[in-house]
Each structure stands twice: as C-alpha cells, then as structure tokens.
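Here's the structure, in structure tokens; my notes come after.
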Amino acid sequence: MTGATIATTRQPGGSSPEPADPYKGKWSTLSNTTLGMLMASIDASIVLISLPDIFRGIQLNPLTAGNTSYFLWMLMGYMLVTAVLVVSFGRLGDIFGRVRMYNMGFAIFTVFSVMLSVTWMHGSSAALFMIIMRVFQGVGGAFIMANSAAILTDAFPPEQRGLALGTNMVAAIAGSFIGLVLGGLLGPIDWRLVFLVSVPVGVVGTAWGIINLEDKGVRTPAKIDWLGNATFAFGLVALLVGVVYGIEPYDGHTMGWTNPLVLAGLIGGVVVLGLFAWIETKVAAPMFRIPLFRIRSFAAGNVASLMAALGRGGLMFILIIWLQGIWLPEHGYSFAQTPLWAGIFMLPLTGGFLLAGPLSGYLSDRFGARPFATGGMISAAVSFALLELLPINFSYIWFALLILLNGLAMGLFASPNRAAIMNSLPPGQRGQGSGMVSTTMNAAMVLSIGIFFTLIIVGLSADLPTTLYNGLVVHGVPAAAARRVADLPPTSSVFAAFLGYNPIQSLLGPSGVLAHLTDAQSSFLTGRSFFPSLIAGPFSHGLHEALDFAAGACLVAAVASAMLGKQYFYQAPAAGPNGPGPSSTATVPASSPVLVTAGRSEKVLAGTQSGPEDPSFASRGETAPTSGPNPPVRLRDNDITASKAGRVLPARRWPHSEGS
C-alpha cells in the first residue's frame, strides 16, 4: 500500500460515507506559500547588492564617519526583525489561524514595499525613514515565514511533505541568492525598483491567498503570553543588536566587541533569553512550548539548521567581498560594476540549491531525512575545505564547480531537515514550531555575518596597515597622509569593497591628496589592480579562518542530522464529525477504533491532543500504563491503533525517542 490511509469501522445501523479528500488544493497551497517565501527571502538579500545605488539615490555616503550605522541597519534590520518575531507570529497562527496570519503578512509586506519605493527625502532623514519602513516590511516577512511551513504541513499528507516543504525551503534559500542578481540588475536602472519589484507579487499573492487558501490546521484558543513574548523579543533584540554594533570600530579598536554597551547587549540578551525559557515552563499558555525540544527530530533538526545557517550566511558575505573587492577588479570590471557581476558569478550556488532541494525532499519522503541531511552537511564541509585550496586569483571554472557543490550540498540538507522537523510536531503546535525553525535560521544569518566579518577583519588587521602604508608611500602619497589612512580600521576598506565603491578613492578622496599627485599616480592608485593586489594577502588569512569556521559548523550540523533518527510522522489517530482528516482532534469513541496505515517506507508517530493547550505525544513501540480505565496498546511499525476513548500513550523523552 502506498500513501497513508485511514480506515474506520462501520457504526451499528449504517455505514459512514466516504470522506472528502482532506488534502484537496494542496498544490495551489504550495504555489502560494512558495511565492510568499521566495518574495520574503529575495527582499532579505536584494538590498545587499543594491545598497550603493540606494545610498546614491538618497544622497548619503555610508562610509562617512557617523553614517556607518545607517549602512548596517539597512543591511541587517530586516533579518533582525524577522528573527525576533517569527516565533510569536507562529504562535498567533496556532491561536487565530495560520492562513489568516499568512495573508496579513503578505498585505503588510506589500504596503511597506510601496512605502520604501516612494521615499521622498534625502540624506540621513531618508535613511532613517527607510530603515523604519524596512523594519515594518520585515514584520510582514515574519508573518509569512512563520506560517508558510505550518500551512504546508497541514495541507499535505505525510508521504508528500518532504517534497512540499523542500520546494518551499529551497525557494526561501534560493531567494537569498536570486536577490543578489535582481539587486544588481535593478539598482543601476532605478533604486526604487528594488522595492517596487515586490509590489505586484505581493498584490497577487495577497488576493490569491484570501480567495484560495484554506486553513486546515488545528487552532488552539489561548490567551497571549505577553510576558513570554516580551522577554523573548527583548533578549533576542539585545543579543542581535550587540552583534550589529560589535562590527563597528570602537575607541581606537578595529571592532566594537569591547564596547560596554555591546557586551551588555550580548550578556544581557543571553540572560533574558534564559529567563524566557524559565517563564515558558511556568505559564499556562506559553508562547513556545519548551517541551517540544524533547522531540528528537525537532531538537536535532533545529541544532542542525542553526549550524548550517551559520556556515551558509557567512559564505554569501565572504564571496561578495572576495569577488567585488579582489577578483572582479583584477579581471577588468570596474568597482561600480562589481555588485551586479558578483551576483551573476554566484549563480552556480543558486543552481545547486534549485536542483538538489526538491529532489532530496522527494527522496526523503521515501527513505527518511537522516541520510540526505547528514550527507548534505558533510558535502558542504568538504566544499568549504576545497575552497581553501583555491588561490585568491582563481580560475573561475573551479570556483564555479565548488560553489555548485556547496549549493547542491545545502539543498540536499535543507529540504529533508525541514520536513523532519515539521513532521514531528503535533498539529496544534506547528505554527510555533515553524516559527522557531525560522528564528534559528534568521538569527544565525545575523550572527554569521558578525562572526565572519570579525574573522575577516582580524585577518586584515594583522598585515593590512603596514601593506597599505608601504604601497601608498611608494606611489607618491605623503607619509603623513599614508599613515592616517593606514591607521583607519580595516572596516573602511571592507565596507567600501562590499558596497562597490572604489576603496582608495573613498579613503584618500576626502583628504584631497589625490589632487596633488600626478595623473599617472592617481590613476594607478584608484585603478582596478592596486587595491586588489594590496588586500589579497591580508584577506587570504581571514578567508581561511572563516572557511575553517564554516566547515566546522557544517560538521556539527552533520552530527546533529545523524541524530534525527529514522523517518516518522506525528499523526493524530482521531476522527472528526466530517470523517478523518489531517486536522481532526476529536476523541475517538470506544466503538470506533481508528487504524492509520502508512506506506512501507514510513514510520508513524502517533498522538492526539487531550486539550487545546495540552498536546500529548506518543511514540511507536511504547506501551500504555497498565493502570487506569484504558487498556494498554502496542504500536507497531506500520499501524497505529487508538485505545478506548482516544487516550494516548506517554511520550518518550530525549534522547531515547523514536527513530534511534
């Protein structure tokens, strides 16, 4: 038998009608939610490449002292907001309906995309306005990210969730790379198009969702956990804001990690998040149920997702600097052209995601998530190690093959990992569970930028000042002026390369030194070869450290993936008044035993809800207690029988849960 079927016995005096297909409309649901995730993730990265055009459009130099914060918040504010809010919004979806929250997110995202595109101010006021609008755009993105995976889990039968969630997940990850190309294409035409491109997609997606999407999830009416929401938001904001400002120079240091405010944010954020975890174990209706981490697939999958995102997020940042600051200028591209071409030359990475993601999701439906997720992370670690073997001025064919391998590896991991997590969750907790997965990914993106940026700056700080000073003096720059430039934090050079600015022009231009040099000297210093050749050696030190970290993070993710266990699904053995379905939570009468039969390659994790705020978990192979009104039941590999009155079996706890 293929797929999952539900058979019920006939009631005395009649027979039950054949139930309607509870998964009708699933492909339309997949199309809409994939469109939403693609749009939200594209907007998370489209600004990376188009920032130079945006800042030129609002007439603000982000490299000027005092303007760096605008650059960092424009870059990372969206990711920070989505990381903080997705768990709360996932919980709201559990309470008020996931489709309702998802559609509202689509609408909010669209409105603030319009607001970003109509910015009429200039200078710092324009930058502040856009940061605020970007934050509210992130609110809409958080609603979409928090609920899309839960909607898909409700809409698809267990044996097809890997494919569905894989397609959705690959759209989310691939969107972050597609955004690089779109930003490079649209920014030079008109920076407003960077935000307007989302508007027609948002309008269509919102209308489509309102008309077509059907909420098949389990709602769990409850009071909002205000204290939990507040402590989670405050703790995570403090932690991530500390990371953002840790990147900036402070009090003569190349970076801001010694800044007391940064340290207070990092330490205080961790403490408050610990307080949040304690609060959630005490309140009656928590924002997030900490016991969900006792589910083996959920806990191991989140750890693997966190570590994979740490490696992947920094990769994009490193590759952009490598291409824009060194490789592309050395191969004839002007600094102004490098943002667009960096996105184009990274297309093999996106292609790998798009190829491997849906395929691995489909295969994980048949063979389980563990081999694909583990193999994907091991392959990703190998790709990072091989990237270290490339010279700074590499041959593109080898670079393309290695980032293609990395894309294939990440796609191989992402789909099965997300499917394993979502399949393990009770129906009434899928919103908050999906939100926690998105939080780990988005927070890891912010953390990874801080970690990788720090590693690059530490590597540059060792040699760049001396190398830069000697190079400038040799080519006619006065020693005093060369010393002032060499003593600047390396962040100035890295930010300039990242933004597609001419680094030497940005460093020497304001001082007027270039005007006093000969035309030949000035042209050489600001040309395409001087800065790349100058920075290549110091950059390689930080690059190797960053790639070592990425490889290590992927190996940790591989270990966590190996602990996912064998394939299984959470399936509630209950029948509602309209027949059995994926969202039914009614208690099973003693006269109506329910049999859930799964396909040969599936393992099923059974359980029902004993109340809207008290989900129970049951594991295959457990035996119910011998005491009490209900007889014991033994669950076998391919069939699950509900005991009298629908009482469920106690859950195994980590680390002895199903699937070992």
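From Gly361, Gly375, Gly357, grab the single residue that is under 19 Å from Leu163 (Cβ atoms), modelled with pLDDT of 90 or more and touching a helix residue (DSSP H, G or I) at 6+ places or on another chain (Cβ under 8 Å). The match here is Gly375.
Taking (1) of a type in the set (Phe, Trp, Tyr); (2) within 30 Å of Ser529 (Cβ to Cβ); (3) open to solvent by 10 Å² or more (accessible area, probe 1.4 Å) in turn, Trp257 satisfies each apart from (2).
Restricting the search to helices (runs of 4 or more DSSP H) fully inside the range 442-561 and requiring at least 1 residues that are among the small types (Gly, Ala, Ser) and closer than 23 Å to Leu319 by Cα gives 491-499, 503-508. Would you please name the residue that is farthest from Thr68 (Cα to Cα), looking only at residues in the range 446-491 that are open to solvent by 10 Å² or more (accessible area, probe 1.4 Å) and among the polar types (S, T, N, Q)? Among those residues, the one meeting the criterion is Asn470. Take the residues in the range 553-568 that are open to solvent by 20 Å² or more (accessible area, probe 1.4 Å) and out of contact with any Phe, Trp or Tyr (no Cβ under 9 Å at 6 or more places or on another chain), then tell me which one is farthest from Ser506 (Cα to Cα). My answer is Lys566. The residues of the range 111-123 that are part of a helix (DSSP H, G or I) and in contact with a helix residue (DSSP H, G or I) (Cβ under 7 Å, 6 or more places away or on another chain), listed by number, are Phe112, Ser113, Val114, Met115, Leu116, Ser117. Of Val237, Val194, all but one fail to be in contact (Cβ under 8 Å) with a residue 12 or more places away in the chain, open to solvent by less than 10 Å² (accessible area, probe 1.4 Å), part of a helix (DSSP H, G or I) and of a type in the set (A, V, I, L, M); the exception is Val194. Suppose the filter is closer than 30 Å to Val218 by Cα and touching a residue at least 12 places away in the same chain (Cβ under 8 Å); does Gly565 pass it? Yes; evaluated as a whole, the condition is true for this residue.
Scanning the range 100-127 for residues that are open to solvent by less than 10 Å² (accessible area, probe 1.4 Å) and of a type outside the set (S, T, N, Q) returns Tyr102, Gly105, Phe106, Phe109, Leu116, Ala126, Ala127. Looking at Leu402, Leu425, just one residue is under 22 Å from Leu323 (Cβ atoms) and among the aliphatic types (A, V, I, L, M), and that residue is Leu402. Phe335 satisfies every condition listed in (1) closer than 30 Å to Lys566 by Cα; (2) crowded, with 24+ Cβ neighbours inside 10 Å except (1). When every residue of the range 282-297 is checked against the conditions, at least one turns out to be among the basic types (Lys, Arg) and crowded, with 24+ Cβ neighbours inside 10 Å. Working carefully through the options Gly301, Gly274, Gly269, find the one that is open to solvent by 20 Å² or more (accessible area, probe 1.4 Å), within 28 Å of Ala550 (Cα to Cα) and at pLDDT 90 or above. The conditions single out Gly274. When the range 210-234 is filtered for residues that are small (Gly, Ala, Ser), within 23 Å of the chain's Cα centre (by Cα) and surrounded by 22 or more Cβ atoms within 10 Å (Cβ to Cβ), only Gly228 remains. Against the test of being open to solvent by 10 Å² or more (accessible area, probe 1.4 Å), without any contact (Cβ under 8 Å) to a residue 12 or more places away in the chain and either among the small types (Gly, Ala, Ser) or in a helix (DSSP H, G or I) (or both), the options Ser31, Ser69 yield a single qualifying residue, Ser31.
The values are calculated or read from the model by the stated rules, or taken from the named source; none is laboratory data. The structure displayed is predicted, hence computed values, not measured ones. Neighbour counts run over all protein chains shown; Cβ positions are idealised from the backbone, glycine included. Calculation scope for accessible area: heavy atoms of the full protein, side chains included, ligands and nucleic acids excluded. Shrake-Rupley method; radii C 1.70, N 1.55, O 1.52, S 1.80 Å.
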